[in-house]
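The values are calculated or read from the model by the stated rules, or taken from the named source; none is laboratory data. Please read these numbers as outputs of a predicted model, since none were measured by experiment. FYI the Cβ positions are ideal-geometry reconstructions off the backbone, even for glycines, and counts take in every protein chain you see.
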């Protein structure tokens, strides 16, 4: 008891001292620890003591104390969760296989270790990650859930509904009560409860504003997309790996380029954001081939992904590629060749594409051969790599908007015309916010038959995002913040103008569940799983 009181006094003294930088904080930590004869306390311990204090001074200190501040600098709090280990339909040469771990993942990857600790339970995983974010000084009131673990589409239907239901329940019940749902309920009951939890999430503090699912291109079809929308999914990540049928066949991928193009078109026609996983350095590839394929991504209308994850090929135990490497049949790119290749790729990325990752989070001890550089993005930046992708331009810690301009880029992709409507600095180097608007040129699918009549003959808003430090909706009166500064409304108005000018009478948003109320403020109403508005002059 005496020790706890002493620690509280020590922290209170620290909070009362003058701290303007992280350097000041560390200096004061040491001084007070020496004075009280105690160990240097962690930032999370300080944050616990100041948690209930809303003083403006403490708001500044929270920013200094916040661990890995970059996590919420994009305006949302990403939360990755894993599904349970399940049989995978693929036999890919590069994919490791490990017992009691989802296919293609390793037990010592950070996200997998967290999932194992939570026994892959979705409710426990969601709350565990939210607690970690709060303990590190973040305020995860706008959650982007990213469900990983392999081919989502191949999982049992009942498990999928149970899993997503408990993700929403985990967010809705955070810091409140344990409200997990058992898996022995019927699919009908799980669906009913999912709708109830989604309705709750529209009003709760910790809102799920986006849900990402990952799957294979050859498992994308109209029925699958309808189910994904029922889950509240807004973005789909597909394992493209490369755009060469011979390389895909050699690596036993199980599908070709045609399936990639078809999946991309289907996803965009129903409003989803599309992320490609790319693997430079696969067996059969060369740096020249990889770069040529990368250029094809943005010159061929069949592709044009919205986001990219680079996963350079590495050799790990438990894969066919490992045996090929041991037999001398495969040699990965050197660090220098890989860096030069990715620098060339980054130089040609369009301004409407976001490079999410440059490497996969595989621990070095698991990599037998291949890239071992963990901070590849920073290394290439130091070497002069230039990139105009969304991630490299987003506003982040900048708190005010200066010299702002409206800039619109349009391009054709997968049977539609895409508009990237952006507010950015006059030199184009800082991106404050953007909207993706899609105008379908043709309606190749019978959406009425599939239950998608709501998006028939409608303009589609596939994404609306305002950057800057995450600002809670409950605290939107903060001054000089990019979020909640009216940019979102202006982007919506511009999208509606473009749609109306092109003879569209209806505009549809593939809204995340937690932001439905935001669109209601501007006249949008829920129809099925989309937010819909009739547009007039």
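Which one of the conditions (1) closer than 21 Å to residue 105 by Cβ; (2) crowded, with 23+ Cβ neighbours inside 10 Å; (3) in the same structural domain as residue 344 (by TED's automatic domain parsing) does residue 318 fail to meet, given that it meets all the rest?
(2)
Looking at 308, 356, which one is more than 17 Å from residue 283 (Cβ to Cβ), surrounded by fewer than 20 Cβ atoms within 10 Å (Cβ to Cβ) and at pLDDT 85 or above?
Working: 308 fails: surrounded by fewer than 20 Cβ atoms within 10 Å (Cβ to Cβ).
Answer to the selection: 356.
Every residue, every condition in (1) within 13 Å of residue 77 (Cα to Cα); (2) more than 17 Å from the chain's Cα centre (by Cα), yes or no:
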| residue | (1), (2) |
| --- | --- |
| 120 | no, yes |
| 125 | no, no |
| 130 | yes, no |
| 142 | yes, no |
| 149 | no, no |
| 158 | no, yes |
| 180 | no, yes |
| 185 | no, yes |
| 189 | no, yes |
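Are there any helices (runs of 4 or more DSSP H) wholly within the range 324-420 with 2 or more residues that are closer than 23 Å to residue 109 by Cα, and if so which?
Fully inside the range 324-420 and qualifying: 335-347, 376-382.
Of the numbered conditions (1) modelled with pLDDT under 65; (2) surrounded by 12 or more Cβ atoms within 10 Å (Cβ to Cβ), residue 79 fails exactly one; give the number of that condition.
(1)
Which condition breaks for residue 338 when tested against (1) under 26 Å from the mean Cα position of the chain (by Cα); (2) surrounded by fewer than 21 Cβ atoms within 10 Å (Cβ to Cβ); (3) more than 30 Å from residue 408 (Cβ to Cβ)?
The number of the failed condition is (2).
Limited to the range 117-139, what total is found for residues that are part of a loop (DSSP other than H, G, I, E, B) and under 21 Å from residue 233 (Cβ atoms)?
Selection size over the range 117-139: 2.
For the range 140-186, give me each residue that is touching a strand residue (DSSP E or B) at 6+ places or on another chain (Cβ under 8 Å), over 30 Å from residue 89 (Cα atoms) and assigned to a loop (DSSP other than H, G, I, E, B).
Of everything in the range 140-186, those that are touching a strand residue (DSSP E or B) at 6+ places or on another chain (Cβ under 8 Å), over 30 Å from residue 89 (Cα atoms) and assigned to a loop (DSSP other than H, G, I, E, B) turn out to be 140, 141.
When you go through (1) closer than 26 Å to residue 231 by Cα; (2) part of a helix (DSSP H, G or I); (3) at pLDDT 95 or above one by one for residue 448, which number turns out not to apply?
The number of the failed condition is (3).
For residue 516, are the conditions met, namely being modelled with pLDDT of 90 or more, not in a strand (DSSP E or B) and not assigned by TED's automatic domain parsing to the domain that holds residue 143?
yes
What is the residue count in the range 84-106 for residues that are at pLDDT 90 or above and either in the same structural domain as residue 325 (by TED's automatic domain parsing) or under 12 Å from residue 317 (Cα atoms) (or both)?
7
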